[in-house]
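**Q** Would you mind keeping the following structure in view while I ask a few things?
The values are calculated or read from the model by the stated rules, or taken from the named source; none is laboratory data. All figures in this text were calculated on a predicted structure; none of them were measured in a lab. In this analysis, Cβ positions are derived from the backbone assuming ideal geometry, glycine residues included, and neighbour counts consider all displayed protein chains.
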Amino acid sequence: MLPRSARPCLQALLLAAVTAAGAGAQVTAPPAGPTRFSAALAERPAVRDALAWLELHFDDQVAEWIRITEMPAKSGSEQQRAGYVKAQFEAMGLVATIDSIGNVTARRPGTGGGETVVFAAHLDTVHPLDTDVTVKRDGGVLRAPGIFDNSASVANMLAMARALQAANVRTRGDIVFVGTVQEELGLRGMDYWLRTNPDVADVLVALDGGLPGVSYGALGIYWTRYHFTGAGSHTNTSAGKPHPARALADAIRSIYEIRIPDGRGGAVYNVGMLDGGSIFNAIPQDVSFTLDLRSVNPALLDSLDAEIDRRVAAAAAAHGVEWSKEPVQRNRAGGTEDMLRDRRAHPLVQTAVDAHAHFGLASRAIASGSTDANVGVVAGLPSISIGRAMGGEQHTLSEWAERDSALPATRIALMIGVAMAGLADTTM
Ligand SMILES: [Zn+2]
């Protein structure tokens with residue numbers, strides 16, 4: 001899920017989209033597609049039993065949620081959680097494997113003739129391994145780094161699988177559960193999983209983010225570091241010499257003069273880190289800055305990326321220095337709301353919205369997102385992300401989540417799985 005610091009940017013993008021729509025542009029909200037949810041489906045005996053099982057065992061789910069949170073799992077160091085999750089799936093009677101990057105996959109076979117629904121919950125957190133991850137209970141609120149993003153989803157996914165097993169819910173399609181790694185490093189685990197498991201998923205549901213969000217798009221995020229280099233010189237002899245720091249200053253000023261075009265989905269960017277130089281009385285030989293560029297529109301993202309290169313090149317030329325570009329992360333954009341009209345029309349999205357409503361949560365489908373689902377969206381696979389609880393302050397030491405909100409979140413996930421995979425006729 002987006003770091004908290006990025007959320008205002010997303011809100012700005014959404015606001016920009018709304019403003020563009022309100023300004024008389026030919027943009028109308030994309031129509032909803034058909035749903036596979038029905039109240040009758042939730043009342044089928046096996047489904048009702050599974051939903052009841054979740055409530056009956058919710059204290060155990062919370063205890064497991066806390067246990068998972070207290071396993072340090074910085075991106076790239078998810079092994080303890082992965083081992084735990086694999087063992088839990090095996091204890092349920094499912095076949096589970098760990099791939100070479102560390103993703104855990106468990107498959108719950110269907111009876112045939114249905115779509116395969118893949119659920120993904122990322123195992124990793126942003127918190128260093130020596131962070132105090134002891135969970136503190138504060139009334140109905142749980143507090144600990146990682147409690148919300150994304151330990152809640154991992155516990156929800158395990159509880160959901162157990163409930164389906166306990167109530168013997170038979171689906172036509174397979175339900176596949178994936179605990180992904182390195183989500184916080186640019187969705188690497190999910191990216192690897194989809195590349196190494198082509199044609200497995202018919203739809204993808206990432207468990208990530210706060211209730212009651214339903215995201216069916218993908219915010220593109222490009223992280224780039226730009227370097228300026230030169231020979232350097234003592235201050236006494238520096239007049240008129242090539243100057244990387246002056247090139248950097250000009251480049252940043254120029255980049256902030258770029259005008260974002262209206263009506264193309266919007267974009268935001270930020271220079272977040274400056275580095276370079278080590279001597280008071282000399283022109284630095286190497287300076288750098290980082291740029292975080294975001295848009296849901298892939299064409300706009302690429303054109304802004306190219307425009308920024310041009311401005312960096314011009315600033316370097318003006319000060320007689322070399323420049324280079326280091327792409328750090330490239331997460332592709334899914335498209336604007338208008339470009340994703342067919343995605344909004346896919347049953348997955350409306351099924352998710354209706355499942356939320358059934359449990360009393362009013363959700364809105366949003367054509368953006370920043371979760372494992374992005375990889376699916378960009379690959380053309382019908383993909384959404386749904387929330388795992390109410391909570392906040394993610395990616396900080398004061399992260400928190402509302403204990404009881406994980407129950408409806410888990411029930412919603414289960415209902416989406418059953419509705420999309422289809423209930424087998426043999427199921428009571
Ligand atoms: Zn997350």
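**Q** Take Ala299 and decide whether it is closer than 30 Å to Ser383 by Cα and in contact (Cβ under 8 Å) with a residue 40 or more places away in the chain.
**A** So Ala299 fails the test.
**Q** Right, something else. Tell me which of these Asp199 doesn't satisfy, since it passes every other one: (1) modelled with pLDDT of 95 or more; (2) assigned to a loop (DSSP other than H, G, I, E, B); (3) away from the ligand (no atom under 16 Å from the Cβ).
**A** (1)
**Q** On the basis of being buried (at least 20 other Cβ atoms within 10 Å of the Cβ) and either assigned to a strand (DSSP E or B) or hydrophobic (A, V, I, L, M, F, W, C) (or both), does Val287 make the cut? Steps first, answer last, please.
**A** Values: buried (at least 20 other Cβ atoms within 10 Å of the Cβ): yes; either assigned to a strand (DSSP E or B) or hydrophobic (A, V, I, L, M, F, W, C) (or both): yes.
Answer is yes for this residue.
**Q** Restricting the search to segment 368-391, which residues are β-branched (Val, Ile, Thr), away from the ligand (no atom under 11 Å from the Cβ) and closer than 20 Å to Asn297 by Cβ?
**A** Going through segment 368-391, the residues β-branched (Val, Ile, Thr) turn out to be 371, 375, 377-378, 384, 386.
Then keep just the ones that are away from the ligand (no atom under 11 Å from the Cβ); that gives 375, 377-378, 384, 386.
Within segment 368-391, Val375, Val377, Val378, Ile384 qualify.
**Q** Give Leu204, Leu194, Leu187, Leu248 a once-over and let me know the one that is in contact (Cβ under 8 Å) with a residue 40 or more places away in the chain, within 16 Å of the ligand (Cβ to nearest atom) and in contact with a Leu (Cβ under 9 Å, 6 or more places away or on another chain).
**A** Leu204
**Q** Pick from Thr105, Thr97, Thr111: which is assigned to a loop (DSSP other than H, G, I, E, B) and either at pLDDT 95 or above or farther than 17 Å from Asp208 by Cα (or both)?
**A** Only one candidate qualifies: Thr111.
**Q** Scanning segment 240-278 for residues that are part of a loop (DSSP other than H, G, I, E, B) and out of contact with any strand residue (DSSP E or B) (no Cβ under 9 Å at 6 or more places or on another chain), which turns out surrounded by the fewest Cβ atoms within 10 Å (Cβ to Cβ)?
**A** The first filter runs over segment 240-278 and keeps only residues part of a loop (DSSP other than H, G, I, E, B), leaving 240-243, 256-267, 277-278.
From the residues that got through so far, the ones that are out of contact with any strand residue (DSSP E or B) (no Cβ under 9 Å at 6 or more places or on another chain) too are 240, 257, 259, 261-263, 278.
Working: Gly240: 8, Glu257: 7, Arg259: 5, Pro261: 13, Asp262: 11, Gly263: 16, Ser278: 8.
Here the residue is Arg259.
**Q** Looking at segment 310-345, which of its residues are within 27 Å of the chain's Cα centre (by Cα) and more than 30 Å from Arg36 (Cβ to Cβ)? So that I can check it myself, show each step before the final result.
**A** Looking only at segment 310-345, we keep the residues that are within 27 Å of the chain's Cα centre (by Cα), and these are 325-345.
Listed by number, the residues that qualify are Lys325, Glu326, Pro327, Val328, Gln329, Arg330.
**Q** From the residues in segment 400-428 that are in a loop (DSSP other than H, G, I, E, B) and not acidic (Asp, Glu), which one is nearest to the ligand (Cβ to nearest atom)?
**A** Residue satisfying both the conditions and the ranking: Gly422.
**Q** Right, something else. Just to verify a result, which residue in segment 191-232, among those that are over 15 Å from the mean Cα position of the chain (by Cα) and of a type in the set (Val, Ile, Thr), is surrounded by the most Cβ atoms within 10 Å (Cβ to Cβ)?
**A** Val203
**Q** Can we say Thr125 is of a type in the set (S, T, N, Q), over 17 Å from the mean Cα position of the chain (by Cα), within 16 Å of the ligand (Cβ to nearest atom) and under 15 Å from Ala401 (Cβ atoms)?
**A** No, not satisfied.
Table: residues versus (1) surrounded by fewer than 22 Cβ atoms within 10 Å (Cβ to Cβ); (2) away from the ligand (no atom under 12 Å from the Cβ).
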position: Val118; (1), (2): no, yes
position: Asp132; (1), (2): yes, yes
position: Arg137; (1), (2): yes, yes
position: Val141; (1), (2): yes, yes
position: Ala152; (1), (2): no, no
position: Asn156; (1), (2): no, yes
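**Q** If you don't mind, another one. Check off (1) assigned to a loop (DSSP other than H, G, I, E, B); (2) closer than 30 Å to Pro284 by Cβ; (3) within 16 Å of the ligand (Cβ to nearest atom) for Ala218 and give me the number that stays unchecked.
**A** (2)
**Q** Hey, another quick one. Can you tell me which residues in segment 78-108 are crowded, with 19+ Cβ neighbours inside 10 Å and either more than 15 Å from Met157 (Cα to Cα) or in contact with a Pro (Cβ under 7 Å, 6 or more places away or on another chain) (or both)?
**A** Glu78, Gly102
**Q** Next question, about the same structure. Got a number for residues in segment 162-184 being surrounded by 24 or more Cβ atoms within 10 Å (Cβ to Cβ), assigned to a loop (DSSP other than H, G, I, E, B) and within 13 Å of the ligand (Cβ to nearest atom)?
**A** Here the count works out to 1.
**Q** Among the residues of segment 238-271, which ones are farther than 19 Å from Gly220 by Cβ and among the aliphatic types (A, V, I, L, M)?
**A** Ala239, Ala245, Ala247, Leu248, Ala249, Ala251, Ile252 - these are the residues of segment 238-271 that are farther than 19 Å from Gly220 by Cβ and among the aliphatic types (A, V, I, L, M).
Residue by residue, here is whether (1) among the charged types (D, E, K, R); (2) touching a Lys or Arg at 6+ places or on another chain (Cβ under 6 Å); (3) under 21 Å from Ala206 (Cα atoms); (4) assigned to a strand (DSSP E or B) holds:
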| site | (1), (2), (3), (4) |
| --- | --- |
| Gly83 | no, no, yes, no |
| Ile101 | no, no, yes, no |
| Ala120 | no, no, yes, yes |
| Leu129 | no, yes, no, no |
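**Q** Still on this structure, I have one more. Are there any pairs with C-beta distances below 7 angstrom linking a residue in segment 387-400 that is under 16 Å from Arg137 (Cα atoms) to a residue that is of a type in the set (A, V, I, L, M) and within 11 Å of the ligand (Cβ to nearest atom), with the two at least 6 apart or on different chains, and if so which?
**A** Final answer for the pair search is Ala389/Ala152.
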